[in-house]
Amino acid sequence: MGDYHALQFGQFVDDRGITRNMVSSSVIAAVPEAKAAAEQYGREARFDFLDDRAVHWMLFQRREDTAKGGVQGCLLALPALIFGFGAWPFWDLVASQKSRQFQIAFVILDALLLIGNVAGLLLWRLRGLRDKGIRNTRCRARLYRKIVGVARRGGADIPHLYPYYGMYLTSRKFFPDAPDCPIPEQEQSL
């Protein structure tokens, strides 16, 4: 996990790895509809969307989750590319000129490698999909994005793509019984 205290307060890292400035909660609270949405969604997700420190921590956690998913996606894409798309040139250049037994063995082996790769990744990723705390962070990030959209439509000076990240497919349900990861305190030097 990255260092939460490495960035200045009010900055976060987006999906592309660029450091961005967070929009202050006072900007969101200045738009009555956005403030009402923040309070409503805050009750639903048990989160204070008008607390800059809490939102900053949530954006950090979301980026850490995205980074883990990116590594896993890359580990799926490379073998899928090699054994999926790379099998076609091999078939055209080599396997199509071999015996029928070799062709059958090649197709079976290639299919088993692809299925094994996908199954291995799903089992690896399943832990994150079952973690209710991570899914709550995703849900809160989705709701925060909605709140910011309401504030922007209400006239707040918020950049169009803010908060500079996409949506999660697993962010629809909030789990009230899941524990929250506490905001780490900065160590004091003596």
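Assess whether Val55 counts as being out of contact with any helix residue (DSSP H, G or I) (no Cβ under 6 Å at 6 or more places or on another chain), open to solvent by less than 40 Å² (accessible area, probe 1.4 Å) and either in a helix (DSSP H, G or I) or not basic (Lys, Arg) (or both). It is true that Val55 is out of contact with any helix residue (DSSP H, G or I) (no Cβ under 6 Å at 6 or more places or on another chain), open to solvent by less than 40 Å² (accessible area, probe 1.4 Å) and either in a helix (DSSP H, G or I) or not basic (Lys, Arg) (or both). Beta carbons closer than 7 Å, at least 6 apart along the sequence or on distinct chains, pair a first residue in the range 101-114 that is under 20 Å from Leu78 (Cα atoms) with a second that is of a type in the set (Gly, Ala, Ser) and surrounded by 12 or more Cβ atoms within 10 Å (Cβ to Cβ) for Phe106/Ala95; Asp110/Ala87; Leu114/Ala80; Leu114/Gly84.
For Leu123, the conditions (1) in contact with a helix residue (DSSP H, G or I) (Cβ under 9 Å, 6 or more places away or on another chain); (2) not in a loop (DSSP other than H, G, I, E, B); (3) not charged (D, E, K, R) are fulfilled apart from (1). Identify the residue in the range 12-33 that is acidic (Asp, Glu) and open to solvent by 40 Å² or more (accessible area, probe 1.4 Å) and, among all such residues, is modelled with the highest pLDDT. If we take residues in the range 12-33 being acidic (Asp, Glu) and open to solvent by 40 Å² or more (accessible area, probe 1.4 Å), then Glu33 is modelled with the highest pLDDT. Evaluated against (1) among the charged types (D, E, K, R); (2) part of a helix (DSSP H, G or I); (3) more than 29 Å from Arg16 (Cβ to Cβ), Arg142 falls short on exactly one condition, (3). Annotation note: of Phe90, Phe47, Phe9, the sole residue that is open to solvent by 50 Å² or more (accessible area, probe 1.4 Å), at pLDDT 80 or above and of a type in the set (Phe, Trp, Tyr) is Phe9.
The values are calculated or read from the model by the stated rules, or taken from the named source; none is laboratory data. Bear in mind that the values here come from a model prediction, so they are computed numbers and not experimental data. So basically every Cβ, Gly included, is an ideal-geometry build from the backbone, and we count neighbours across all protein chains shown. Accessible surface areas use protein heavy atoms only, side chains included; no ligands, DNA or RNA. Shrake-Rupley method; radii C 1.70, N 1.55, O 1.52, S 1.80 Å.
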